[in-house]
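Structure, as structure tokens:
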Amino acid sequence: MEKIDTNAVDGPVAWRGPNFPGFGGAAVKLRWIDTPYRWHRNDDREFFLVLSGCVEMRTRKNGRTSSLLLEAGQAAIIEAGEEHVACPRGAARVLVVET
């Protein structure tokens, strides 16, 4: 068994943090963020959980942008091929699971 302190994942470089292999091929990533990532698509689904802070998750389809505001304890599921970008409002810690 391994204890992980998510509060220890901190800056100064956004979108870096530990990866946890061995979950049936899923990429499990713990990240500290304070800047948007970039618009992108994944080949498979993504589970995006906000552990602390607040993140606006934006999606774009047919030229139209929509968004969800995610606070600590809230998550979003992004479907395969769905164009999206995570935009933190200040510093945030997130758990990302990609299949």
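Within the range 49-64, if we keep just the residues that are over 17 Å from Asn7 (Cα atoms) and not in a loop (DSSP other than H, G, I, E, B), the residue that is nearest to the chain's Cα centre (by Cα) turns out to be Met57. For the range 75-99, the set of residues classified as under 23 Å from Ile4 (Cβ atoms) and either touching a Ser or Thr at 6+ places or on another chain (Cβ under 8 Å) or small (Gly, Ala, Ser) (or both) consists of Ala75, Ala76, Ala86, Pro88, Gly90, Ala91, Ala92, Arg93, Leu95, listed by residue number. For the range 1-17, a tally of residues being touching a residue at least 24 places away in the same chain (Cβ under 8 Å), in a loop (DSSP other than H, G, I, E, B) and loosely packed, with under 12 Cβ neighbours inside 10 Å returns 2. Checking Arg31 against (1) among the charged types (D, E, K, R); (2) part of a loop (DSSP other than H, G, I, E, B); (3) touching a Lys or Arg at 6+ places or on another chain (Cβ under 8 Å): exactly one of these is not met. Which one? Checking Arg31 against (1) among the charged types (D, E, K, R); (2) part of a loop (DSSP other than H, G, I, E, B); (3) touching a Lys or Arg at 6+ places or on another chain (Cβ under 8 Å), the one that fails is (2). The selection criterion, being surrounded by fewer than 16 Cβ atoms within 10 Å (Cβ to Cβ), of a type in the set (Phe, Trp, Tyr) and either in contact (Cβ under 8 Å) with a residue 24 or more places away in the chain or assigned to a loop (DSSP other than H, G, I, E, B) (or both), does not hold for Phe20.
Search the range 71-99 for residues being β-branched (Val, Ile, Thr) and modelled with pLDDT of 95 or more, and hand back the single one that is surrounded by the most Cβ atoms within 10 Å (Cβ to Cβ). Here the answer is Val94.
Of all residues being surrounded by fewer than 17 Cβ atoms within 10 Å (Cβ to Cβ) and modelled with pLDDT of 95 or more in the range 53-65, which is farthest from Tyr37 (Cα to Cα)? Just the residue, please.
Arg64
The values are calculated or read from the model by the stated rules, or taken from the named source; none is laboratory data. Note that this is a predicted model, so its numbers are computed, not measured. Every residue, glycine among them, receives a Cβ derived from its backbone with ideal geometry; neighbour counts consider all protein chains shown.
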